[in-house]
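Computed from the coordinates by the stated procedures, all read-outs in this text should not be read as laboratory data. Owing to the predicted nature of the structure, the values given are computational and were not obtained by experimental measurement. With ideal geometry, Cβ positions are generated from the backbone for all residues, glycine too; neighbour counts draw on all protein chains shown.
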Amino acid sequence: MDNLDTITKLISENLEVEKNLITPSSDFFNDFNAGKLEVADLVLRIQKELKIEIEEEKINQIKTVADLFKIIEENADEF
């Protein structure tokens with residue numbers, strides 16, 4: 001399983017969203033009805049799974065799945 005599959009799986013599990021509904025343009029707040037705390041919990045789980053660290057300031061900038069991928073890409077050695 002590559003990182004994209006892992007992240008999609010974690011989004012699906014954490015936010016109880018079907019995988020086929022997750023696209024780069026999906027908005028965590030409007031499309032998935034997630035709150036800031038739910039997104040923060042998701043990011044914590046991704047950090048643990050991928051063994052990366054993401055600054056809290058960057059976590060607060062995440063609004064879409066594409067934002068999340070971009071921030072992970074900036075912080076991961078291999079993506």
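Before moving on, here are some points about what is shown:
- Number of residues in segment 36-56 that are surrounded by 12 or more Cβ atoms within 10 Å (Cβ to Cβ) and more than 15 Å from ILE72 (Cβ to Cβ) equals 3.
- Among the residues of segment 57-78, those that are under 23 Å from VAL17 (Cα atoms) and loosely packed, with under 15 Cβ neighbours inside 10 Å comprise ASN60, GLN61, LYS63, ALA66, GLU73.
- Filter result (out of contact with any helix residue (DSSP H, G or I) (no Cβ under 7 Å at 6 or more places or on another chain) and within 16 Å of LEU10 (Cβ to Cβ)) within segment 49-64: LYS51, THR64
- Criterion violated by ILE72 - all others in (1) closer than 18 Å to ASN3 by Cβ; (2) over 11 Å from the mean Cα position of the chain (by Cα); (3) part of a helix (DSSP H, G or I) satisfied: (2)
- Filtered residues of segment 45-68 (kept if of a type in the set (A, V, I, L, M) and under 9 Å from the mean Cα position of the chain (by Cα)): ILE46, ILE62, VAL65, ALA66, LEU68
- Scan segment 29-44 for residues that are in contact with a helix residue (DSSP H, G or I) (Cβ under 8 Å, 6 or more places away or on another chain) and closer than 16 Å to GLU55 by Cα and the total you get is 5.
- Considering ALA34, ALA40, the condition of being free of Cβ contacts under 8 Å to residues at least 60 places away in the same chain, over 18 Å from ASN3 (Cβ atoms) and touching a Phe, Trp or Tyr at 6+ places or on another chain (Cβ under 6 Å) is satisfied by ALA34 alone.
- Any pair with Cβ under 6 angstrom, 6 or more apart, that starts in segment 54-65 at a residue that is part of a helix (DSSP H, G or I) and ends at one that is crowded, with 16+ Cβ neighbours inside 10 Å and hydroxyl-bearing (Ser, Thr, Tyr): VAL65/SER26
- Qualifying residue in segment 5-22 (condition: farther than 14 Å from GLU73 by Cβ, exposed (fewer than 14 other Cβ atoms within 10 Å of the Cβ), without any contact (Cβ under 8 Å) to a residue 60 or more places away in the chain and not charged (D, E, K, R)): yes
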